[in-house]
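So the structure is just underneath, and the comments pick up after that.
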Amino acid sequence: MRHPGSRPALHLESVLVSAGRPDPVPGGPLSQPIVQTSTFHAGGERGYAREGNDTISAFETAIGDLEGGRAIAFSSGVAATAAILDGLPVGSAIIAPTSFYNLHQTIFDRHAQLGRLTVTTVDITDTDAVTAALDDVAATAGAAVLWLEIPTNPMLSVPDLPALTAAARALGVLTVADSTVATPLGIRPLEHGTDIVLHSATKWIAGHSDVLSGVLATSDPDLADRLAASRLLAGSLPGSLDSFLALRGLRTLSVRLERSVASTAVLAARLREHPRVRSVNYLGFADHPNADRAAKLLDHHCALLSFTLDSVEHADALCAGTRLIANATSIGGVESLIERRGRYPGELAQGSPAELVRLSVGIEHVEDLWADLQDALG
Ligand SMILES: *Cc1c(COP(=O)(O)O)cnc(C)c1O
C-alpha cells in the first residue's frame, strides 16, 4: 500500500481508482478485502481492532492521496468533528459560520452550554468580518479554531479560503474546512494551507446512501497523531464493511459527479425560469454573490442547489409530490433527494428561509428529474 500522504503525480480521477490498493502480489487480491476481526495475534503491528485494520487504512490512504495529507477515518462525519473538539483545551474559542451544516451548530452550542468552548458566529463570506473575529479571539482566548464550510450546506456560499487560512495562521488559529459538498474533486483545502479538511464521507465520497462515514485529513504529523489518539480513545473508528463501501464508492466519484454536476446546471437554469420559484442558489450562476470566488477556488459547481418557492405550502407540496426524487434528508447519493430544510427549527434559526428547498442531484437522467420536478411544482 502506498504510504499515506505520498500523493502520486496522477490525475485525481486516476488516484480515485488506484489509491489504497493492496501491493500487487501474484495471486493476491486486487481490491482490499474486508478485514473482520476484533483482535490480532500478539507480536504484530496491531493488537486490537480499535487501532484500525487494513480495510480502514486502504480508505484512509486513498483520501490522504487525494487531499495531499494523512487521513483518519471515523464512524461518521460528526464523529470526525468530535475528534477535533476533543483536542481543544477548555475555554477555547470557535469562530463558526452563521449558516452552515446545522448539526455542527447544535454540537458547538452544546459545548458552549457545558462551558467548554465559546462560539462566535460570523458571515464567512465577509472576509473583513472574519478577520475582525479572528483578531478578537486571538486577543482573548487561549486556543481558537476557525471553522469553514466550502461551499456551505444548504445556502451554497463560498468563503475566501486562502485569505482566511492565511489570516488565521498568522494569529495561531487552527483552521478546519468542511468540504463535504465540494468533495476532493472540487477543492483540496490542505493545498491552501488549511490545517484540517473534514468530509462527511456519507455523502458524495461513499455516494450510495448506504453508509455513515467521516474522514479528516491534515498535513501536520503531530495533529494527525492527536486526531488518531482521539479516535482511539473514543472508539470512533469506522467499521470494516463501512470502510470497504466508502472506498468502493470513492472509486466512481468522478463519473458520478460529472453526471450530477451537469444535471444540476440544467435543473438550476430551468428552475430559475419557473413561475413558482422565487430564487435559486446555484454556484454556476454568474450573478451568484460568490461566483468569482467559486470559479477561482472550486473545480466544479457542485451537485447541490437550493431554491425558494412562493410559499411554505408549495414547498411542502413539491417535496411530497416528486416521485423519482425521494423526499428524504441527506445529500450526495446516486439518487436525487429533495427536502424543505425549514422543517428543522435549527435551520430557521440560522436564517434559512422557511420556503427553502434543497435538492441533491443524483445520476438519474436529467429529463426524468426535470419532468418529476415540473409535475410536482404544478
Ligand atoms: C452530513 C454532513 C455532515 C455530518 O456527517 P455525518 O456523516 O452525517 O455524521 C457534516 N458536514 C456536512 C456539510 C454534511 O452535509
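The values are calculated or read from the model by the stated rules, or taken from the named source; none is laboratory data. Treat the numbers as computed from the prediction; the structure is a model and nothing was measured. Quick reminder, even Gly has a Cβ in these numbers, built from the backbone with ideal geometry, and neighbours come from all protein chains shown.
Miscellaneous remarks
- Comparison of ALA96, ALA83 shows that the only residue that is farther than 30 Å from LEU10 by Cα, assigned to a helix (DSSP H, G or I) and either out of contact with any strand residue (DSSP E or B) (no Cβ under 9 Å at 6 or more places or on another chain) or among the small types (Gly, Ala, Ser) (or both) is ALA83.
- Sole residue being crowded, with 22+ Cβ neighbours inside 10 Å and away from the ligand (no atom under 16 Å from the Cβ), chosen from ILE363, ILE325: ILE325
- If the condition is being within 16 Å of the ligand (Cβ to nearest atom), at pLDDT below 95 and in contact with a Leu (Cβ under 8 Å, 6 or more places away or on another chain), then the stretch 328-345 contributes only ARG341.
- Put simply, of ALA317, ALA326, ALA262, ALA224 the only residue that is within 18 Å of PRO154 (Cα to Cα), of a type outside the set (Ser, Thr, Tyr) and in contact (Cβ under 8 Å) with a residue 12 or more places away in the chain is ALA326.
- Close pairs from the stretch 116-130: first free of Cβ contacts under 8 Å to residues at least 24 places away in the same chain, partner among the acidic types (Asp, Glu) and surrounded by fewer than 17 Cβ atoms within 10 Å (Cβ to Cβ), Cβ under 8 Å, at least 6 apart: ALA129/ASP123
- The stretch 193-206 - residue that is in a loop (DSSP other than H, G, I, E, B) and not acidic (Asp, Glu) and, of those, farthest from the ligand (Cβ to nearest atom): GLY193
- The stretch 207-238, subset over 16 Å from THR61 (Cβ atoms) and within 10 Å of the ligand (Cβ to nearest atom), residue surrounded by the most Cβ atoms within 10 Å (Cβ to Cβ): GLY214
- Residue that is farthest from the chain's Cα centre (by Cα) [pool: residues in the stretch 157-179 that are under 16 Å from ILE84 (Cα atoms) and either at pLDDT below 95 or of a type in the set (Ser, Thr, Tyr) (or both)]: THR175
- Among (1) buried (at least 22 other Cβ atoms within 10 Å of the Cβ); (2) at positive phi; (3) in contact with a helix residue (DSSP H, G or I) (Cβ under 7 Å, 6 or more places away or on another chain), the one test that GLY52 misses: (3)
- Qualifying residue in the stretch 259-279 (condition: of a type outside the set (Asp, Glu), under 20 Å from ALA177 (Cβ atoms) and part of a strand (DSSP E or B)): no
- Some residue of the stretch 130-145 being surrounded by 21 or more Cβ atoms within 10 Å (Cβ to Cβ), on the phi < 0 side of the Ramachandran plot, in a strand (DSSP E or B) and of a type in the set (Gly, Ala, Ser): yes
- Residue check, LEU324 part of a loop (DSSP other than H, G, I, E, B), modelled with pLDDT of 95 or more and either closer than 22 Å to GLY249 by Cβ or not polar (S, T, N, Q) (or both): yes
- Qualifying residue in the stretch 300-314 (condition: touching a Leu at 6+ places or on another chain (Cβ under 7 Å), surrounded by 21 or more Cβ atoms within 10 Å (Cβ to Cβ), in a helix (DSSP H, G or I) and not aromatic (Phe, Trp, Tyr)): no
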